[in-house]
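This report refers to the structure that appears directly beneath it.
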Amino acid sequence: ANVVSLVTHRKNFQSDNPMDQELLAKLWSHSVGCAIGSQWIARKRGFVNMSNEAFIAGLLHDVGKLFLITIFDDIIASKRILTLPSPELISELMETMHVQYGHALLEKWNLPDVYCQVVLKHHDETCGDENIILLMVRLANFACNKMGIGLHENPSLLLAATPEAHSLGLSEVALAELEIKLEDSLKLTM
């Protein structure tokens, strides 16, 4: 099921616009990394029954960015604007708007609430401990950002110091294993 999800979702990360294609390639790497990382965390912590949900939630958590890039691509292709927006403007719009648009998109598709909540709350500072899948996706997202998998890189991020790692009970050794798993996942995105 996870392979089918990957293959099906991969086709959405294509564009004829070279600027968009670069963004989409990074976004695809990040989505796959978060999916694999979330699933790995679920299995590592003994939540095997949640591992497929964690995978799909990780894959979809930034679907709003994909949606916005597609909209920008369509507007540019329609020639309704005279000048192209700067990469900085597109990046800022994606960061500030992707959560609300991604959430609305998943609700429109009638996807289960577990995925809608992950998309809506994956950047919330206080997400609580009750949504285990959200915690797994947030931690996988942090790990990808630490390693530069995707659009952002923050190598100084201490995964062991995150509330998510603490809530999930993951040691520094386990978090190092997660980083190794994510390095291996990069091969799937190329």
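The values are calculated or read from the model by the stated rules, or taken from the named source; none is laboratory data. No experiment lies behind these values; they were computed from the predicted model shown. Positions of Cβ are backbone-derived with ideal geometry, glycine not excepted, and every protein chain shown enters the neighbour counts. Only protein heavy atoms, including side chains, enter the accessible area calculation; ligands, DNA and RNA are left aside. Shrake-Rupley method; radii C 1.70, N 1.55, O 1.52, S 1.80 Å.
What the table below lists for this structure:
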| quantity | calculated |
| --- | --- |
| Probe 1.4 Å - accessible area at ILE41, Å² to nearest ten | 0 |
| Spin-label pair THR83/GLU130, simplified geometry with 7 Å Cα→Cβ offset, distance in nm | 4.9 |
| Mean residue ellipticity (222 nm) of the chain, computed from DSSP H runs ≥ 4 via -39,500 (n - 2.57), nearest 500 | -22000 deg cm²/dmol |
| Full-stretch length increase - ASP74, LEU158 - with 0.36 nm per residue and alpha-carbon distance subtracted | 26.4 nm |
| Cα-based Rg / Dmax (Å) for region 8-159 | 15.6, 54 |
| Value of Rg/Rh across region 137-190 [Cα atoms, Kirkwood radius] | 0.96 |
| Accessible area (Å², 1.4 Å probe, nearest 10) - HIS152 | 70 |
| Cα gyration tensor shape of region 82-147, rounded if a/c is under 1.5, else prolate or oblate by comparing a/b with b/c | oblate |
| Residue-normalised accessible area of region 39-190, expressed per residue, 1.4 Å probe, Å² | 54 |
| Relative contact order of the chain, pairs being alpha-carbon contacts under 8 Å that are 6 or more residues apart, as % | 26 |
| Nearest-10 value in Å² for the accessible area of LYS181, using the 1.4 Å probe | 80 |
| Highest-first arrangement of 46-59, 167-180, 136-149, 70-83, where packing means the average Cβ count within 10 Å | 136-149, 46-59, 167-180, 70-83 |
